[in-house]
1. Would you call E98 among the acidic types (D, E), outside the structural domain of T179 (by TED's automatic domain parsing) and within 16 Å of P144 (Cα to Cα)?
2. Suppose we keep only residues that are small (G, A, S) and in contact (Cβ under 8 Å) with a residue 40 or more places away in the chain within region 161-184. Which one would you say is nearest to A81 (Cα to Cα)?
3. Which is modelled with pLDDT under 95 and over 13 Å from V228 (Cβ atoms), of G183, G195?
4. Can you pull out the residues in region 128-162 that are within 25 Å of L68 (Cβ to Cβ) and touching a helix residue (DSSP H, G or I) at 6+ places or on another chain (Cβ under 9 Å)?
5. Considering only residues that are under 24 Å from Y149 (Cα atoms) and either crowded, with 21+ Cβ neighbours inside 10 Å or not polar (S, T, N, Q) (or both), which ones fall in region 75-89?
6. When region 177-234 is examined, which residues are found to be within 20 Å of M166 (Cα to Cα) and among the hydroxyl-bearing types (S, T, Y)?
7. From the set of residues in region 161-175 that are of a type outside the set (D, E, K, R) and modelled with pLDDT of 85 or more, which is surrounded by the fewest Cβ atoms within 10 Å (Cβ to Cβ)?
8. Can you confirm whether E98 is in contact (Cβ under 8 Å) with a residue 40 or more places away in the chain, of a type in the set (D, E, K, R) and surrounded by 12 or more Cβ atoms within 10 Å (Cβ to Cβ)?
Amino acid sequence: MRFSGSKDLQSMRLFVPVRLQRSAGRWAAFALSLVLCLLGVTPIAGCGDVNLGELLGIGRSLPEAPALRITPARDSVLGGARVTIVGTDAPVFDSGTEVLFGELPTAGVEVVDAKTIRVTAPAQYAGQVDVVVQVTDGTTVESPAGFEYVAVQDGDAEILNRIEMMFPGPPRLVSAVATSNIGVRVMFSEPVGAGATDPLNYEIVIPEGGILRLDSTKAPMLSDDGTVADLTTL
């Protein structure tokens, strides 16, 4: 047996408009009663369960615009990206403005205009960090998780090109930071080889004078991406 749906649909197309036309007056009356009920003028059954504000979208909160617009919003753990920050809802930037990525201050702060500032992203562990801008009078504005650091091997083409421009040639030492009384963390411009786990390959010179000796019995701990080594000193 074949389905004769096309004929049924054709008859409905002829029937529905006539029915709607005949009942248009009743629908208009119902719509008017509903509006009057929602306004509290003429109650009808079930009207009390309807919220006019919800129907019209009145009082519905809109998503807040970010206080800071950050471009680019990601870099490798080596840092070095030149980042532009625009204050969409922020105090006026001045010459004393400071910027923190996580807990680390940025370098190369350049105030472009009252609402735009450029900074250099510091080196940092992988993950998202808050971006905090503080002007001279102490007023701060924050972008929670506004910047992301990724491991070198997870960087996109833009990040990898930036690293190559920053550190052309073989791997180079980017930074060395004390993590404790006997710990030093060093970062390299790109992944290093197994030689980085040999403490005899390091020599740490103290700026004030002297050399910081490493514990030769403890091999440096190399990060999974090969760009960070944790050293143990004596």
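The values are calculated or read from the model by the stated rules, or taken from the named source; none is laboratory data. Model, not experiment: these values are computed from the prediction. No Cβ is skipped: glycine too gets one built from the backbone with ideal geometry, and neighbour counts run over all protein chains shown.
1. Values: among the acidic types (D, E): yes; outside the structural domain of T179 (by TED's automatic domain parsing): yes; within 16 Å of P144 (Cα to Cα): no.
Considered against the rule, which asks whether it is among the acidic types (D, E), outside the structural domain of T179 (by TED's automatic domain parsing) and within 16 Å of P144 (Cα to Cα), E98 comes out as no.
2. Initially, region 161-184 is screened for residues small (G, A, S), giving 169, 175-176, 178, 180, 183.
Still in the running and in contact (Cβ under 8 Å) with a residue 40 or more places away in the chain: 175, 183.
Values: S175: 15, G183: 27 Å.
Among them, the one singled out is S175.
3. Values: G183 fails: over 13 Å from V228 (Cβ atoms).
The unique qualifying residue is G195.
4. Correct list: V150, G155, I159.
5. Going residue by residue through region 75-89, those that are under 24 Å from Y149 (Cα atoms) are 75-88.
Within region 75-89, D75, S76, V77, L78, G79, G80, A81, R82, V83, I85, V86, G87 meet the criteria.
6. Passing the criteria: S189, T227.
7. Kept after step one, since they are of a type outside the set (D, E, K, R), are these residues of region 161-175: 161, 163, 165-171, 173-175.
Adding the requirement that they be modelled with pLDDT of 85 or more leaves 161, 165.
Values: N161: 11, M165: 9.
Applying the filter and picking the extreme gives M165.
8. On the way: in contact (Cβ under 8 Å) with a residue 40 or more places away in the chain: no; of a type in the set (D, E, K, R): yes; surrounded by 12 or more Cβ atoms within 10 Å (Cβ to Cβ): yes.
No.
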